[in-house]
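The values are calculated or read from the model by the stated rules, or taken from the named source; none is laboratory data. Remember, predicted model here, so these are calculated numbers, not experimental data. Using ideal geometry, Cβ is built from the backbone for each residue, glycine included, and neighbour counts are taken over all protein chains shown.
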Amino acid sequence: MSEYWNDIFGGTKSLLVGLGITAREFFKPVVTEQYPWEVPVMMPRFRGHIELVKNGETGRPNCIVCGMCMRNCPSGCITLTGKKPEGEKKKVLTKYELDFTKCSLCGSCIEGCNFNAIQFSKDYNLASTRKEDYIFDLLKRLEEQS
Amino acid sequence: MTAPIICREDEVFVLNLGPQHPATHGVLRVKLTMDGEYVVKAEPVLGYIHRMHEKMAEDRTFAQFMPNTARMDYLHALAYNHGYVLAVERAAGIEVPERAEYIRVITVELNRLTSHLLWWSAFLLDLGGFSPLLYAFDDREQILDLLERVTGSRLTYCYFRFGGVYNDIDDDFITGTRNFIKRLRSRLPRFYHDLVTKNIILIKRLKDIGFVSKEQCRKYGATGPLLRGSGVQFDVRKNEPYSVYPEFDFDIPVYEEGDSMARYMVRMDEIEQSMRIIEQALDKLPDGPVRAKVPKILKPAAGDYYAAVEAARGSFGCRLVCNGGKSPYRLKLRSPTFSNLSLFGEVAEGMLLADALAFMGSLDLVIPEIDR
């Protein structure tokens, strides 16, 4: 019999404590980010998909088409081609394609690059219903940015 | 505790729990043979999210496998990073700078906190309590912000490197972590213990339910809070110390009861112990480099190497067999949840369905880690 009353008193106490905490929190300010109205600021080290870095002097990408990023990538999501224009010593990037459907944002490509040619972008709100939208032409992206 | 089952064979029925079920938190299927509301036989069926991680390791270099480790246990990714880099460092004989070891410990323990907070909220959600989830996620979000500041990602971290960590932590991170610990300490008694631990409904749902004995743990190789909740004091951080764990003063919470409540209490006490480790590590944090010079392509000497770490769910082991090449000859990953789930069938026999689900929640299952 005493257990019965203990349960009733204990249950009532638990209920009141819980309701008390909820009631107090009800009047506290909102802690969640109100997304469409409030846009999050990405941290400096945020890993978005990669993008090419432009050389400040020449206006062309820093990339020298060595292919280290392509070899370092665990999932094989980078394809790049380059050609040597007549009269120039260095190769010039002609195509840099990122298959973002396979990318796991590990950053192996950026770590393998010795020429500061790629960096993480700050894009986070990517959404599409078509797979083709995630095959990024980074050279085109760089041209559009400038 | 377990009700005697007197059933006629033609009166039992099979109930599929999963593969898509809110209480299994992933694609786990449990084939339950039921007699009314009592479980007669429970048989976990695995393999719905098998991704061949071990095989994948064999056709890529040691460094290229790093991102995979975070995708196994997505809740305690940094411990998996740690286990793998420890095994490779042992194989290649790489010395890690002291500051890097401290940063590893701080980030792994922060990650353990996020894992326990998420377990806590999801477990209570299984039991039917919704609001604790909101309080725990508020705290968890603070840690995710801190970890995002240093690692760049919020869940599947790939922060550790052979011979150190990817990049250094800054003063903002250190002060942020100290403030967070202060905040969690002040919130623990009210939001976690007053609201939930002392709640009579929770106690009635967990006490004396899902008893796991020491012998069962030994038989199935269970580790982590499950083993410590059954009265065995085993923690890889203390029993086979790695990294700089011997330098810290912390306790291993052990409860003798072996029921769901004991496992709950072990995890709640571990939150406190993790905070103690982080505080001490921040106090002792030395200066210096965070990454040793390591060749880009590793070719460890042929041999057999093993490293184990204490992840949030138990001991995670990495057995690495090298043949002197650029990629592992074989990588065997020992994941704790696989062993912990194995005893579910034996323990759940004779339980009420609702109790079996509460017991499953107290095991803290992460399905991608079971299947790998």
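Considering each residue of region A:91-102, count those that are under 19 Å from A:F46 (Cβ atoms) and surrounded by 20 or more Cβ atoms within 10 Å (Cβ to Cβ), and give that number.
1
If you scan region A:82-97, which residues turn out to be of a type outside the set (F, W, Y) and closer than 17 Å to A:K54 by Cα?
Selection gives A:G82, A:K90, A:K91, A:V92, A:L93, A:T94, A:K95, A:E97.
Restrict the check to region A:38-55 and report whether at least one residue is surrounded by fewer than 16 Cβ atoms within 10 Å (Cβ to Cβ) and either touching a His at 6+ places or on another chain (Cβ under 7 Å) or not in a loop (DSSP other than H, G, I, E, B) (or both).
No - not one qualifying residue is present in region A:38-55.
What's the total number of residues in region B:322-372 that are in contact with a Cys (Cβ under 7 Å, 6 or more places away or on another chain) and surrounded by fewer than 17 Cβ atoms within 10 Å (Cβ to Cβ)?
Here the count works out to 1.
Determine which single condition B:R99 fails, assuming it passes every other condition in (1) within 14 Å of chain A (Cβ to nearest Cβ); (2) of a type outside the set (A, V, I, L, M); (3) within 25 Å of B:D249 (Cα to Cα).
B:R99 satisfies all of (1) within 14 Å of chain A (Cβ to nearest Cβ); (2) of a type outside the set (A, V, I, L, M); (3) within 25 Å of B:D249 (Cα to Cα) except (1).
Right, B:I169: of a type outside the set (G, A, S), in contact (Cβ under 8 Å) with a residue 60 or more places away in the chain and not in a helix (DSSP H, G or I) or not?
The answer is yes for B:I169.
For (1) free of Cβ contacts under 8 Å to residues at least 24 places away in the same chain; (2) under 15 Å from B:M72 (Cβ atoms), each residue gets a yes or a no:
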residue: B:R276; (1), (2): no, no
residue: B:K284; (1), (2): no, no
residue: B:G288; (1), (2): no, no
residue: B:P295; (1), (2): yes, no
residue: B:D304; (1), (2): yes, no
residue: B:E310; (1), (2): no, no
residue: B:P336; (1), (2): no, yes
residue: B:A348; (1), (2): no, no
residue: B:L353; (1), (2): no, no
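Inside region A:5-64, can you point out the residues that are of a type in the set (G, A, S) and closer than 29 Å to B:I169 by Cβ?
A:G48
Out of all the residues in region B:54-85, which are farther than 20 Å from B:K326 by Cβ and among the aliphatic types (A, V, I, L, M)?
B:A70, B:M72, B:L75, B:A77, B:L78, B:A79, listed by residue number.
Pairs only if they're at least six apart or on different chains, beta carbon under 6 angstrom, first in region A:95-110 and within 11 Å of chain B (Cβ to nearest Cβ) and more than 11 Å from A:M70 (Cβ to Cβ), second modelled with pLDDT of 85 or more and part of a helix (DSSP H, G or I); list them, first residue then second.
Listed pairs, sorted by first residue: A:S104/B:P67; A:C106/B:P67.
Report whether or not A:I110 is touching a Leu at 6+ places or on another chain (Cβ under 8 Å) and closer than 27 Å to B:F65 by Cα.
Against the criterion (touching a Leu at 6+ places or on another chain (Cβ under 8 Å) and closer than 27 Å to B:F65 by Cα), A:I110 does not qualify.
Restricting attention to region A:77-86, does a residue exist that is crowded, with 17+ Cβ neighbours inside 10 Å, under 30 Å from B:Q64 (Cβ atoms) and within 14 Å of chain B (Cβ to nearest Cβ)?
Yes: region A:77-86 contains one or more residues that are crowded, with 17+ Cβ neighbours inside 10 Å, under 30 Å from B:Q64 (Cβ atoms) and within 14 Å of chain B (Cβ to nearest Cβ).
Tell me, which residue of region B:202-223 that is free of Cβ contacts under 8 Å to residues at least 60 places away in the same chain and part of a helix (DSSP H, G or I) is nearest to B:Y264 (Cα to Cα)?
B:I203
Can you work out which of the residues in region B:184-196 that are surrounded by fewer than 16 Cβ atoms within 10 Å (Cβ to Cβ) and within 12 Å of chain A (Cβ to nearest Cβ) is modelled with the highest pLDDT?
Looking at residues that are surrounded by fewer than 16 Cβ atoms within 10 Å (Cβ to Cβ) and within 12 Å of chain A (Cβ to nearest Cβ), I get B:R187.
Which of the residues belonging to region B:148-169 are at the interface with chain A (Cβ under 10 Å from one of its Cβ atoms) and either of a type in the set (A, V, I, L, M) or over 18 Å from the mean Cα position of the chain (by Cα) (or both)?
Listed by number, the residues that qualify are B:E148, B:R149, B:V150, B:T151, B:G152, B:S153, B:R161, B:Y166, B:N167.
Every residue in region A:11-61 that is of a type in the set (S, T, Y), under 37 Å from the mean Cα position of the chain (by Cα) and facing chain B (nearest Cβ under 10 Å), please.
A:T22, A:T32
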